[in-house]
Amino acid sequence: MKVIGFNGSPRKKGNTVCSLNTVFSELEKEGIETEMIHVGKEKIQGCRACFTCAKKRDQRCAIEDDPVNEWIQKMKDADGILLGSPVHFSGVAGTMKSFLDRAFFVISVNNGLLRHKVGASVVAVRRSGGLPTMNSLNHYICYSEMIMPCSNYWNVAHGMNPGEMEQDGEGKQIMEVLGRNMAWLLKIVEMGKKELPAPEPAAKIMTNFIR
Ligand SMILES: Cc1cc2nc3c(=O)[nH]c(=O)nc-3n(C[C@H](O)[C@H](O)[C@H](O)COP(=O)(O)O)c2cc1C
């Protein structure tokens with residue numbers, strides 16, 4: 001089994017990566033392969049709302065000059081996904097949001113490419129804004145019909161300078177517990193598939209509130 005972690009920070013050794021790595025080490029102890037993808041320093045344009053992906057349904061975003069399409073395929077091939085972001089102005093870091101908006105729109109218009117995969121979010125923050133950021137990341141996971149493991153508190157670790165989250169004993173434990181629960185859930189889902197067929201996907205109803 002394999003889990004892909006996306007680091008939304010421009011820092012390759014920052015607190016988001018430390019948080020993701022803490023989850024990774026618990027997964028690896030359970031024999032689960034991991035891969036880190038660094039999103040934060042890439043040049044990734046936001047969604048153009050061209051709806052080409054919805055018309056073509058070829059599992060691709062129409063913007064082809066960045067790694068978003070490659071990362072969509074990586075998510076499709078993985079068993080689990082971890083979304084990590086630093087808090088920037090109480091929200092998801094900009095480049096990460098551009099990636100997620102585009103990738104998850106493509107995922108949603110292609111019959112839910114991530115349906116029933118295991119997904120969770122982690123957040124790094126100096127002081128405040130951890131919860132709205134985790135909440136935003138979880139929106140992508142929930143919209144995709146993924147299955148989410150939890151920890152013993154919200155998945156937020158504190159620190160300002162790179163590596164400082166290692167001193168946040170509670171934050172560190174939150175990531176460890178998340179890793180163990182994620183490994184267990186991945187195995188349950190894998191075992192369960194053999195015994196219990198998944199429910200059929202529902203044809204999506206979109207009412208736009210006016211008609
Ligand atoms: C542009 C920017 C905005 C930030 N906004 C916040 C904020 O709203 N609240 C906060 O507590 N920390 C804020 N921070 C601090 C980071 O969340 C903190 O340093 C975090 O550990 C960064 O994670 P990283 O090391 O993975 O990049 C901000 C940092 C930057 C660069």
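Apply the a/c threshold of 1.5 to the C-alpha gyration tensor of the chain and tell me whether it is rounded, prolate or oblate. In terms of gyration-tensor shape, oblate.
Just report the Cα centroid separation between the range 11-41 and the range 42-59, whole Å. Result: 27 Å between the Cα centres.
Note on the chain: GNM, Cα springs under 10 Å; of G31, G163, G179, the largest mean-square fluctuation is that of G31.
Output the peptides 48-60, 114-126 sorted from most to least packed, where packing is the average of other Cβ atoms within 10 Å over each peptide's residues.
Details: 48-60: 13.2, 114-126: 24.0.
Output ranking for 48-60, 114-126: 114-126, 48-60.
For the chain, the dipole from Cβ point charges (+1 on Lys and Arg, -1 on Asp and Glu) about the Cα centre works out to 680 debye, to the nearest 20. Considering the range 105-211 at the alpha-carbon level, its Rg and Dmax are found to be 17.0, 53 Å.
Overall form of the range 50-103: oblate. Here a/c, set by the Cα gyration tensor axes a ≥ b ≥ c, is 1.5 or more, and a/b is not larger than b/c.
According to the square roots a ≥ b ≥ c of the eigenvalues of the Cα gyration tensor, what is the shape class of the range 1-123, taking rounded for a/c under 1.5, prolate for a/b larger than b/c otherwise, and oblate for the remainder?
Numbers: a/c = 2.21, a/b = 1.31, b/c = 1.69.
Oblate is the answer for the range 1-123, as a/c is 1.5 or above yet b/c matches or exceeds a/b.
From the residues Y140, P67, T52, which one has its Cα farthest along the dipole of the chain in the positive direction, the dipole being from +1 and -1 charges on Cβ of Lys/Arg and Asp/Glu about the Cα centre? The listed residue farthest towards the positive side: T52.
Within the chain, helices built from complete DSSP H runs that reach 30 Å or longer along their own axis (Cα positions) and carry a mean Kyte-Doolittle hydropathy of -1.0 or higher are 169-195.
Each reported figure results from applying straightforward, stated rules to the coordinates on display, with no laboratory input. Worth saying up front: this structure is predicted, and the values here are computed from it rather than measured. Virtual Cβ from ideal backbone geometry, glycine too; neighbours counted across all protein chains shown.
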